[in-house]
1. Taking LYS280 and the conditions (1) outside any loop (DSSP other than H, G, I, E, B); (2) at pLDDT below 95; (3) within 26 Å of GLY218 (Cβ to Cβ), which numbered condition does it fall short on, given that it satisfies the others?
2. Within the range 70-93, does at least one residue satisfy the condition of being hydroxyl-bearing (Ser, Thr, Tyr), part of a helix (DSSP H, G or I) and in contact (Cβ under 8 Å) with a residue 24 or more places away in the chain?
3. Could you pull out every one of the strands (runs of 3 or more DSSP E) wholly within the range 1-63 that has 1 or more residues that are touching a Ser or Thr at 6+ places or on another chain (Cβ under 8 Å) and polar (S, T, N, Q)?
4. Could you check the range 311-406 for helices (runs of 4 or more DSSP H) lying wholly inside it with 3 or more residues that are under 34 Å from the mean Cα position of the chain (by Cα) and without any contact (Cβ under 8 Å) to a residue 40 or more places away in the chain?
5. Any residue at all in the range 284-291 that is in contact with a His (Cβ under 8 Å, 6 or more places away or on another chain), farther than 30 Å from LYS99 by Cβ and surrounded by 15 or more Cβ atoms within 10 Å (Cβ to Cβ)?
6. Looking at the range 251-261, is at least one residue touching a Gly at 6+ places or on another chain (Cβ under 8 Å), under 17 Å from ARG211 (Cα atoms) and of a type in the set (Phe, Trp, Tyr)?
7. Just to be sure, is SER18 among the small types (Gly, Ala, Ser), at pLDDT 85 or above, touching a strand residue (DSSP E or B) at 6+ places or on another chain (Cβ under 8 Å) and more than 16 Å from LYS152 (Cα to Cα)?
8. Return only the number of the condition from (1) buried (at least 16 other Cβ atoms within 10 Å of the Cβ); (2) farther than 30 Å from ASP214 by Cα; (3) modelled with pLDDT under 95 that GLU326 does not satisfy.
Amino acid sequence: MEKRKKIKELVEKQIDFSAVEIGFKVELSEKNERYIVIEKKQGYQLEKKSKKGSFKLSLSCLEELEKQKKLAKDKSFFCKLFKKLNKGEIDKVSISGLKLRNPILTASIGQSVIANLSKLISPEERKELYLSWQAKNKEEFQEKLYDLIVDKMITTLQEKLNSNDLPTPVFPTSVALTETPNYYICEPKEEYALDTKLELFRKLTDSICGRCGDRLYGLYVPEEGYEIKEILKSYVPDFYNVNIVSMAGAGRINSREIEPFEYAFYLLDKVFQEMFRENKLPDYHIELLVIEGVGGRKKFYSHYIIPNLNEIYHRLYYGDEKYIPERGISKIKAMISSFLVENWEIERSLKDANSQIAHFYINRILYHVFCHKRLDIDSILSLEDLKIKLGDSTPILFLEEVMSWM
C-alpha cells in the first residue's frame, strides 16, 4: 500500500491532463463487413470496413444519419450501433492527448503505459464513464476520467516495476561512452529491489529536460543541490522544456548536434558563476540521463554519474582569474565556444559538414572534465587539426590557462 502511494504521488505530479480527448467506440461485424461508430466531443465518426472497400463519415448529430441517402443498406447497421451507444455498451474508450510533463518519461513509458490504458478499462467502467459523459456534467466527467486514468497508470507502473521488463532508463540498454562511471552491470544481469527502482524512477520525474535532435537529456540534481535549481529558475522557465541554445550563450550552435556532457556544461556554467559570486559550494554529485532515438524509433538509454562537482567548480570557476570581467563569462565557456565549428570563420557548407564531428570531440573534452577531472588532449588536438584543415585561423581562447588549472 505504501509503494502504491509513492507511485501515485509521482504520477499525479507528472500527468498532463490539459489536452486529453476521449472517444467512445462501438462496433458490429456482419459477415465480412465491420461497422464502427465513435462518439467524440466534435460529434460522431462512422466507419465501414470490408474487402470491397471502406469509408468514413462524420456527423455532428444523430439526426443527420437519416439524411445520408448514400448509406442505403448500411443505415440499419449504424442504427443498431447508436442503440448500443445509448445503452452504454461501449466496446472501447480511446484516450488521446495524454502526456507526462517530463518528456523523458513520455518517451520511455508512453507506448507501454499510456498507449495501453484503454485496454485496462473494464466494461462496467466504460459504461459508467459514458453515462457521466451523456449527463453533460463536464466537471463530474473530468473528475471521473482523471481518477480512472490515474488508477490505471498506477496499476500498470506497479506491475512494470515489479517485473524484469521495465522499458525506461532505469535499465539502460547502452552507454555512449563505455568508460563512463555507471551504476549498472549488464552482464550478468543485475536484479534490483522495488525500492531501488522507485528511487531511480523518481529521479527521472525530477530531471531537468531538454531535446537536442533525436536525443532527450535530463539532468538530475539531488535534494542537497537545491541551489542549482534555484539559480536555474532565473534562466529556465520550464524545467521540462529547456532551450539549451539560449541557455548556453556560446554563439551559434547546431542544437541537433549537442551531446550529453555539452548539455550538462551549458546548464551548469551560469550556475557555477553565480555560486562563485554568492560564495556557495556545490558539494554533491549530479546525474545525466539520456534517451537516444525519440519518436517511434528504437531507443537507447544511458545514465551517467558526475561525481564531486566541488572539484570541478574549484578548478574551473573558483577565483576572479577564471572569468572575463568585461564580457561577464567564464574562460572555460570562452574556450568551449572557440571549439564550436559553428563559430569558425569558414563557409557555411563546411560548418554543416563538420558540425557532428566537432561536437563529438567537444563532448569528449567535457566528459573527461566532469568524470575524470582532466582535459582530453587527443580531442583538443583533433579539433585544432580540424580548424587548420578547414581554414580557420582564429585562436582557441584561454586554452593554456584552462590546461594549467586542470
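1. (1)
2. Here is the first cut: in the range 70-93, the residues hydroxyl-bearing (Ser, Thr, Tyr) are 76.
Okay, now just the ones that are also part of a helix (DSSP H, G or I), so 76.
Filter once more, so that each one left must be in contact (Cβ under 8 Å) with a residue 24 or more places away in the chain: none.
No.
3. Qualifying strands (runs of 3 or more DSSP E): 43-49.
4. Values: elements: 331-339, 348-372, 377-390, 399-405.
Fully inside the range 311-406 and qualifying: 348-372, 377-390.
5. no
6. No.
7. When the stated conditions are applied, SER18 does not pass them.
8. It is condition (1) that GLU326 fails.
The values are calculated or read from the model by the stated rules, or taken from the named source; none is laboratory data. The shown structure was predicted, so the numbers you read here are calculated from the model rather than taken from an experiment. Using ideal geometry, Cβ is built from the backbone for each residue, glycine included, and neighbour counts are taken over all protein chains shown.
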